[in-house]
Amino acid sequence: MIGSLYSMTAGLFNTMVLSKQCPCGSQKLFSDCCEPFIDGLATPPTAESLMRSRYSAFVVQESEYLLSSWHPSTRPTEINLEDDPIEWIGLEIETSRGEGSDQQGEVTFKARFNHQGEIGELYEKSRFVHQDGRWFYLDGEQLSNEKIKKVGRNSLCPCGSRKKYKRCCGG
């Protein structure tokens, strides 16, 4: 009974995620964007696509993918996303290098989040390496990690949707 309830709940969650836009901000469906990378059905062709899929993996809490896409030379032994849950609410890519035959890549991005009711922004320059036919996250330089002032209900949403906060993430 509990197993079938879990299966039904997991199936409902997967159906809800599949019918939504990808968390990475590409404006594509999750099933047509980052999900094939996270599920291991495809390999991200660029450093930016790996960055976007890793962001989406944080959103859907897929720590196994995060570890497998991390270069072995800098990879931690484990990632526990459940101890201190963060709600990721938006990704903005500023610059990106790393395509085709490039051996190295770099992506500068801003990722907005809600942590215990505080809206914040992680601003980072991540480095990637292309090895054995696939891209790996190597490391990142945190440019800033700031709390954004309390967001008013009628303010623009910090996720970047250009909607009012009350009609977007604050709803």
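The values are calculated or read from the model by the stated rules, or taken from the named source; none is laboratory data. Note that this is a predicted model, so its numbers are computed, not measured. Here the Cβ positions follow ideal geometry from the backbone for every residue, glycine too, while neighbour counts run over all protein chains shown.
Structure values in brief
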| quantity | calculated |
| --- | --- |
| Test: Ser7 is out of contact with any Asp or Glu (no Cβ under 8 Å at 6 or more places or on another chain), assigned to a loop (DSSP other than H, G, I, E, B), modelled with pLDDT under 95 and among the small types (Gly, Ala, Ser) | no |
| Positions within segment 35-82 being acidic (Asp, Glu) and within 24 Å of His115 (Cα to Cα), in sequence order | Glu62, Glu64, Glu78, Glu82 |
| Residues of segment 121-150 that turn out to be farther than 24 Å from Arg75 by Cβ and either in contact (Cβ under 8 Å) with a residue 60 or more places away in the chain or under 15 Å from the mean Cα position of the chain (by Cα) (or both), as a count | 1 |
| Search result, residues across segment 100-123 that are under 13 Å from Met51 (Cα atoms), of a type outside the set (A, V, I, L, M) and crowded, with 19+ Cβ neighbours inside 10 Å | Gly105, Glu106, Phe109 |
| When residues of segment 44-95 are limited to those that are surrounded by 19 or more Cβ atoms within 10 Å (Cβ to Cβ) and polar (S, T, N, Q), the one nearest to Cys34 (Cα to Cα) | Ser53 |
